[in-house]
Amino acid sequence: MARFRECALAWALVMALGAAALGQAAAPSPDSSTQDSASQGSPSQNSPSPGNGLLIEPEKLPDTYPQEPYAVKLYAKGDYVPVLRWRVQSGALPPGIKLDENGDLRGAAERAGEFEFVVAVRDGGKPQQAVQKALMIKVVEALKVDWKVPAHVTANRIDGSVAVSNTTREDMDLTFDVKAVAENGRAT
């Protein structure tokens with residue numbers, strides 16, 4: 001019985017130090033029950049529930065552009081033992097971006113698209129707490145080209161209309177040069 005009290009006291013101390021480090025007012029009592037959500041079937045979808053004090057933040061991930069450096073820190077809120085392990089549970093990150101075990105999403109996306117995935121995090125407690133959250137990274141093209149009237153050769157000139165949009169936050173100078181090859185193989 002004395003050994004149990006020592007373990008419970010050590011656990012309470014770890015929880016109190018973890019809560020203090022996170023700026024939380026109080027940690028749960030050592031007799032509160034937490035269960036590994038894996039033993040309950042499937043982990044919760046980022047909503048605190050009895051026995052699961054983890055919540056994944058941020059709520060939404062920022063968009064990015066192909067080849068633009070991307071760095072976002074995932075973090076957990078709530079009552080947990082502060083050794084967290086992150087991983088992609090399902091889906092796929094954009095090629096070129098990876099999730100480190102410490103919750104850092106980093107890299108540079110290689111192509112445009114919407115990439116949906118589920119992240120999972122587990123704490124260092126015994127039993128472990130775990131939670132999952134569905135997220136999406138939208139990789140948008142930096143330049144958008146919208147042909148209003150497709151380019152075509154009329155007599156000795158090229159006709160057409162195009163709208164080019166810069167979707168980044170950066171200003172850029174753009175030169176748009178259209179070349180065409182006539183049916184007889186002559187460039188105009």
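The table that follows gives values for the structure above.
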quantity	calculated
Selection count where residues are surrounded by 15 or more Cβ atoms within 10 Å (Cβ to Cβ) and in a loop (DSSP other than H, G, I, E, B), scope the stretch 71-88	7
So Ile158, is it assigned to a strand (DSSP E or B), closer than 30 Å to Leu55 by Cβ and out of contact with any helix residue (DSSP H, G or I) (no Cβ under 6 Å at 6 or more places or on another chain)	no
Residue match in the stretch 163-177 (condition: in contact (Cβ under 8 Å) with a residue 12 or more places away in the chain and over 30 Å from Gly107 (Cβ atoms))	yes
Index of the failed condition, Gly91 passing every other in (1) surrounded by fewer than 14 Cβ atoms within 10 Å (Cβ to Cβ); (2) out of contact with any Lys or Arg (no Cβ under 6 Å at 6 or more places or on another chain); (3) more than 21 Å from Val131 (Cβ to Cβ)	(3)
Answer residue from the stretch 156-188, given it is surrounded by 10 or more Cβ atoms within 10 Å (Cβ to Cβ), small (Gly, Ala, Ser) and modelled with pLDDT of 75 or more and is nearest to Val140 (Cα to Cα) among those	Ser165
Pair list, Cβ < 6 Å and 6+ apart or interchain, from the stretch 145-162 residues that are without any contact (Cβ under 8 Å) to a residue 40 or more places away in the chain to residues that are β-branched (Val, Ile, Thr)	Val145/Val164; Trp147/Val162; Ala151/Ile158; Ala151/Val178; Ile158/Val178; Gly160/Val149; Ser161/Val149
Of all residues making up the stretch 92-133, the number that are in contact with a Phe, Trp or Tyr (Cβ under 7 Å, 6 or more places away or on another chain) and either in contact (Cβ under 8 Å) with a residue 60 or more places away in the chain or among the β-branched types (Val, Ile, Thr) (or both)	6
Qualifying residue in the stretch 125-133 (condition: surrounded by fewer than 16 Cβ atoms within 10 Å (Cβ to Cβ), within 30 Å of Gly78 (Cβ to Cβ) and either in the same structural domain as Pro62 (by TED's automatic domain parsing) or in contact with a Ser or Thr (Cβ under 6 Å, 6 or more places away or on another chain) (or both))	yes
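Rundown of residues vs (1) surrounded by 12 or more Cβ atoms within 10 Å (Cβ to Cβ); (2) among the polar types (S, T, N, Q); (3) assigned by TED's automatic domain parsing to the domain that holds Glu57; (4) at positive phi, yes/no style:
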position	(1), (2), (3), (4)
Leu99	yes, no, yes, no
Arg106	yes, no, yes, no
Glu114	no, no, yes, no
Lys148	no, no, no, no
Ala151	yes, no, no, no
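The values are calculated or read from the model by the stated rules, or taken from the named source; none is laboratory data. As the structure is a prediction and not an experimental result, all values here were calculated from the model. For neighbour counting, all protein chains shown are included, and Cβ atoms are generated from backbone atoms with ideal geometry for every residue, glycine included.
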